[in-house]
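Novice: Got a structure here, written out as structure tokens. Questions coming.
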Amino acid sequence: MKRHLVIVVIAVLAGLGACSPQEPEVVHMIADYPPYDLAGLYGEAALVVEGRVVSTASTLLLPQPPEGDTPEENPLLGLSDDEIKQALSSDNGVPATEVRFEVTVVHHGDATPGDIVTFNQTGGRVDSTLYVDDAVPLVVSGSDYLLFLGQTGDRLNILGGSAGLYEPSGAGTFTAVNPDHAPIAQLSVDDLSRALD
């Protein structure tokens, strides 16, 4: 009898060790971002800024209520109030990371050095699950970036998922964080000045 009890305790302890809180379950997501060429990236950017990530926090992106008088403009048209409430609930949210970013240099848009802008990236932690979009590397708190930020409603986001995400690479140049999704692998401050004039 003692022997069986010892085996059960060892099995339970081994099982608890396998449930380490440091190793979350990872779920891979796929988002469909529009492709950008360099002119499109510059043209659609509400802000083109350099700066540093101050903090990140997990969040859920909830659907925004669509507006319009046709089903194409407003897919919720004709639904009851309860059905609309359900469609816009957190059950339909997309795991995301809210990023607070301190602006140090403004190349384009309505911002000034020292401003804190907030934007969202697809992917992040929800409870004990880490949601990862392989095409969108999450920014790192304390790191510097050059961002091309678009605006949808009151939300800012990096254009093309990661197409508008660059890291400083020295001597006034920037390298795409994800070159497979960026319109150009490397660009300079001079490239920015010419394109934004």
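The values are calculated or read from the model by the stated rules, or taken from the named source; none is laboratory data. Every value quoted in this text rests on a predicted model; they were computed, and no experiment measured them. Cβ sites come from the backbone with ideal geometry, for glycine too, and all protein chains shown count toward neighbours.
Novice: Please work out which residue is nearest to the chain's Cα centre (by Cα), limiting yourself to region 109-122 and to residues that are assigned to a strand (DSSP E or B) and either modelled with pLDDT of 95 or more or of a type in the set (G, A, S) (or both).
Specialist: For region 109-122, the residue satisfying everything is F119.
Novice: Among the residues of region 149-175, which ones are out of contact with any strand residue (DSSP E or B) (no Cβ under 9 Å at 6 or more places or on another chain), over 16 Å from A185 (Cβ atoms) and not acidic (D, E)?
Specialist: Listed by number, the residues that qualify are T152, G153.
Novice: To continue, here is another question. Would it be correct to say that P113 is loosely packed, with under 13 Cβ neighbours inside 10 Å, of a type outside the set (A, V, I, L, M) and under 13 Å from V49 (Cβ atoms)?
Specialist: yes
Novice: Then there is this: Inside region 146-197, counting only strands (runs of 3 or more DSSP E) that do not spill past its ends, which hold 3 or more residues that are over 16 Å from the mean Cα position of the chain (by Cα) and surrounded by 14 or more Cβ atoms within 10 Å (Cβ to Cβ)?
Specialist: Fully inside region 146-197 and qualifying: 173-176.
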